[in-house]
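The values are calculated or read from the model by the stated rules, or taken from the named source; none is laboratory data. All of these numbers come straight from a predicted model, not from anything done at the bench. Every residue, glycine among them, receives a Cβ derived from its backbone with ideal geometry; neighbour counts consider all protein chains shown.
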Amino acid sequence: MSRARDTAGIIQYNKITVDSNNAVGIGSSIPDCKLDINGGLRVVGVSTFEDSVLVPYDKKLNFGSSTGLEGQLYASTEYFYINSGASNGMYIQGNGFVNIRSDGGIDMFRGTENGSVQLYYNDAEKFQTTAGGVDITGVATATSFSGSGSGLSSLNASQLSSGTIPDARFPATLPSASGANLTSLNASNLGSGTIPDARFPATLPSASGANLTNLPSSQLTGALPALDGSALTNLNIPASFDWRDSSLF
């Protein structure tokens, strides 16, 4: 290995430079720091850094391979990135819990080992998992819900838009209310009251009136059928009756 010293006190060993401040440059003739390497570096063993490590913007720390497919850490001028293209996904692990918060100390997520998971809005807890389900603080909005609603309380009936209310949910006596806008009523379920004439068609369909009672005779038209009165008794003949009137026979 050749060695040369110039007038500035710089010693060069081929591509290794040591300047007068004992700064070492490898592949760099003018080292900017104690060890200035222009090229790749392979280290076998444990490396200890007792001060900060600076990685410039958009320069990546690659894990697993030189492409960083399994994992990458890097920063842009706006964001910090944790990337992983590992085939089985990515883990973020902590001893007992994992907490995600802003640089101002505002909690956003907290997960506790064998315990709850909590989500925060503006540092206020809004969602928490429990042994029995979840607790939500505030209003939950969704396009749909499924499952049993037996534990729901303070439901607003004015928000019902479909389905049928079971009979058991009605009181024994319904309050007074207008049914003017009700449609598709089933007449077979009428139990009392009188149907107004306007609800009948102009011509009633053919039906048996055998069970009708209290019919007013003033509404009868046509002739009564011939009747046998031989078995009638206690007939009341008015005093004005004239048995000689031939029109009666």
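For Ala177, the stated conditions do not hold, so it cannot be described as more than 27 Å from the chain's Cα centre (by Cα), within 30 Å of Ile195 (Cβ to Cβ) and outside any loop (DSSP other than H, G, I, E, B). State whether one or more residues within segment 156-175 are loosely packed, with under 10 Cβ neighbours inside 10 Å, polar (S, T, N, Q) and within 30 Å of Asn122 (Cα to Cα). Looking through segment 156-175, at least one residue is loosely packed, with under 10 Cβ neighbours inside 10 Å, polar (S, T, N, Q) and within 30 Å of Asn122 (Cα to Cα).
In segment 77-91 there is no residue matching the filter, namely being at pLDDT below 85 and farther than 30 Å from Thr112 by Cβ. Taken over segment 128-153, the residue count meeting the criterion of being in a strand (DSSP E or B) and either closer than 18 Å to Ser102 by Cα or of a type outside the set (A, V, I, L, M, F, W, C) (or both) is 5. Restricting attention to segment 96-106, the residues that are out of contact with any strand residue (DSSP E or B) (no Cβ under 9 Å at 6 or more places or on another chain) and under 21 Å from Gln128 (Cβ atoms) add up to 1. Scanning segment 11-62 for residues that are of a type in the set (Phe, Trp, Tyr), surrounded by 10 or more Cβ atoms within 10 Å (Cβ to Cβ) and assigned to a loop (DSSP other than H, G, I, E, B) returns no hits. With respect to being small (Gly, Ala, Ser) and in a strand (DSSP E or B), Gly111 fits the description.
Could we say that Ser158 is without any contact (Cβ under 8 Å) to a residue 12 or more places away in the chain and part of a loop (DSSP other than H, G, I, E, B) here? Here the answer is no, as Ser158 does not meet what is asked.
Tell me whether segment 199-209 contains one or more residues that are under 60 Å from the mean Cα position of the chain (by Cα) and basic (Lys, Arg). Yes, because at least one residue in segment 199-209 is under 60 Å from the mean Cα position of the chain (by Cα) and basic (Lys, Arg). The condition (being within 30 Å of Thr137 (Cβ to Cβ) and of a type outside the set (A, V, I, L, M)) is satisfied by just one residue among Gly64, Gly39, Gly94: Gly94.
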